[in-house]
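Chemist: Input: one structure, supplied below.
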Amino acid sequence: MSVLERFPRVFEIDLKDRKIIATLNLTPGATFYGEQLINIGDGEYRVWNPYRSKLAAAILKGLKNFTINYGCKVLYLGVASGTTCSHISDIVGEEGHIWGVDFAPRPLRELIENLSKIRVNVSPVFGDARHPERYSHLVPKVDVLYADLAQPDQANLVVKNAKIYLAKRGWVLVAIKSRSVDATRKPEEIYSEQAEILKKHGFSILELINLEPYEKDHAMIIARFDA
Ligand SMILES: C[S@@+](CC[C@H](N)C(=O)[O-])C[C@H]1O[C@@H](n2cnc3c(N)ncnc32)[C@H](O)[C@@H]1O
């Protein structure tokens, strides 16, 4: 078994029969969504499933600009029960923090029970991303905004939140589900349209990655907030 650090704190492990990506478990022994644990040397790694996490899918589809680092502050829109958030929590480590917003009580309750009770770097925020001003008493300025809302006005919601919370030259990672915008049009058309909305509001687009075959009709946009 060999381990290669593909990005800071994101590892590629060669298991002989297959290659996987993983993060180093910040809370050894704990798992969050049934993921496999692998011990190599002194480290315990959590296997990161690209069929369960769009960020893992983007990495495996060749993401070049990995903008989430140790110590980063992250606002996560659409955190759900915390599958992807748990890996971002490994990456930002003890010095970083994630504020995870969701408006659905059930997944947020799971996030609290399974993740934020164990991980001190994750704060659940019960809120609606359409009204970002309502959680301003809980969320500070952040370095990265990650959004996975599966909503028709996804790019506009990112802009609204970025204007309040994202530091200048901060990064956004936005998962776009084309069927949530319009199921009758070509996904590529919708991805470009969502990227154009971000551009119009002062973002520079660095990458647009199609997430198939891991996620059908999904793409990930990586952009920098230059406004
Ligand atoms: C595709 S799921 C997110 C999966 C999660 N990002 C992961 O990788 O583990 C989308 C989530 O966005 C939430 N959501 C959708 N619209 C929202 C809004 N306006 N405000 C807050 N949460 C929203 C849904 O409740 C749902 O939990």
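Chemist: Every residue in the stretch 1-20 that is part of a loop (DSSP other than H, G, I, E, B), under 18 Å from THR84 (Cβ atoms) and of a type in the set (D, E, K, R), please.
Modeler: Initially, the stretch 1-20 is screened for residues part of a loop (DSSP other than H, G, I, E, B), giving 1, 8-9, 15-18.
So of that shortlist, the ones also under 18 Å from THR84 (Cβ atoms) come out as 8-9.
Once the filter is applied, which keeps residues that are part of a loop (DSSP other than H, G, I, E, B), under 18 Å from THR84 (Cβ atoms) and of a type in the set (D, E, K, R), the stretch 1-20 yields only ARG9.
Chemist: Could I ask something else about it? Counting only residues that are touching a His at 6+ places or on another chain (Cβ under 7 Å) and aliphatic (A, V, I, L, M), which one in the stretch 167-201 is farthest from VAL139 (Cα to Cα)?
Modeler: My answer is ILE176.
Chemist: Now for a different question. Restricting attention to helices (runs of 4 or more DSSP H) lying wholly within the stretch 145-210, give those where 2 or more residues are more than 21 Å from ASP102 (Cα to Cα) and among the hydroxyl-bearing types (Ser, Thr, Tyr).
Modeler: Numbers: elements: 154-165, 178-181, 187-200.
It comes to 187-200.
Chemist: Which ones in the stretch 81-99 are under 18 Å from TYR45 (Cβ atoms) and hydroxyl-bearing (Ser, Thr, Tyr)?
Modeler: Matches in the stretch 81-99: THR83, THR84, SER86, SER89.
Chemist: Working carefully through the options THR84, THR31, THR23, find the one that is of a type outside the set (A, V, I, L, M, F, W, C), in a loop (DSSP other than H, G, I, E, B) and surrounded by 14 or more Cβ atoms within 10 Å (Cβ to Cβ). Show your work before the answer.
Modeler: Values: THR84 fails: in a loop (DSSP other than H, G, I, E, B); THR23 fails: in a loop (DSSP other than H, G, I, E, B).
From the options THR84, THR31, THR23, the qualifying one is THR31.
Chemist: Moving on to the next point. With more than 10 Å from the ligand (Cβ to nearest atom) and part of a loop (DSSP other than H, G, I, E, B) as the only criterion, which of PRO124, PRO140 stands out? Break it down stepwise before answering.
Modeler: On the way: PRO124 fails: part of a loop (DSSP other than H, G, I, E, B).
After ruling out the rest, the residue left standing is PRO140.
Chemist: Within the stretch 51-62, is there a residue that is assigned to a strand (DSSP E or B), more than 12 Å from the chain's Cα centre (by Cα) and buried (at least 18 other Cβ atoms within 10 Å of the Cβ)?
Modeler: As a first pass, look at the stretch 51-62 and keep what is assigned to a strand (DSSP E or B): none.
Scanning the stretch 51-62 turns up no residue that is assigned to a strand (DSSP E or B), more than 12 Å from the chain's Cα centre (by Cα) and buried (at least 18 other Cβ atoms within 10 Å of the Cβ).
Chemist: Return only the number of the condition from (1) within 15 Å of the ligand (Cβ to nearest atom); (2) touching a Leu at 6+ places or on another chain (Cβ under 9 Å) that LYS61 does not satisfy.
Modeler: Exception for LYS61: condition (1).
Chemist: Still on this structure, I have one more. Determine, yes or no, whether GLU110 is among the charged types (D, E, K, R), in a loop (DSSP other than H, G, I, E, B), within 16 Å of the ligand (Cβ to nearest atom) and surrounded by 14 or more Cβ atoms within 10 Å (Cβ to Cβ).
Modeler: On the way: among the charged types (D, E, K, R): yes; in a loop (DSSP other than H, G, I, E, B): no; within 16 Å of the ligand (Cβ to nearest atom): yes; surrounded by 14 or more Cβ atoms within 10 Å (Cβ to Cβ): yes.
In short, no.
Chemist: Quick one: is GLU133 more than 20 Å from VAL74 (Cβ to Cβ) and either at pLDDT below 95 or surrounded by fewer than 23 Cβ atoms within 10 Å (Cβ to Cβ) (or both)?
Modeler: No: the conditions fail for GLU133.
Chemist: State all residues of the stretch 180-208 that are surrounded by 21 or more Cβ atoms within 10 Å (Cβ to Cβ) and either touching a Lys or Arg at 6+ places or on another chain (Cβ under 8 Å) or of a type in the set (Lys, Arg) (or both); if no residue qualifies, say none.
Modeler: PHE203
Chemist: So which residues in the stretch 34-50 are more than 20 Å from the chain's Cα centre (by Cα) and surrounded by 14 or more Cβ atoms within 10 Å (Cβ to Cβ), if there are any at all?
Modeler: Within the stretch 34-50, LEU37, ILE38, ILE40, GLU44 meet the criteria.
Residue-wise test of (1) hydroxyl-bearing (Ser, Thr, Tyr); (2) outside the structural domain of PRO28 (by TED's automatic domain parsing); (3) without any contact (Cβ under 8 Å) to a residue 12 or more places away in the chain.
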residue: GLU94; (1), (2), (3): no, yes, no
residue: TRP99; (1), (2), (3): no, yes, no
residue: ALA104; (1), (2), (3): no, yes, no
residue: LEU111; (1), (2), (3): no, yes, no
residue: SER116; (1), (2), (3): yes, yes, no
residue: ASN121; (1), (2), (3): no, yes, no
residue: ALA129; (1), (2), (3): no, yes, no
residue: ARG134; (1), (2), (3): no, yes, yes
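The values are calculated or read from the model by the stated rules, or taken from the named source; none is laboratory data. Here the structure is a predicted model, which means the values were calculated and not measured. Positions of Cβ are generated from backbone atoms using ideal geometry, with glycine treated the same way; all protein chains shown enter the neighbour counts.
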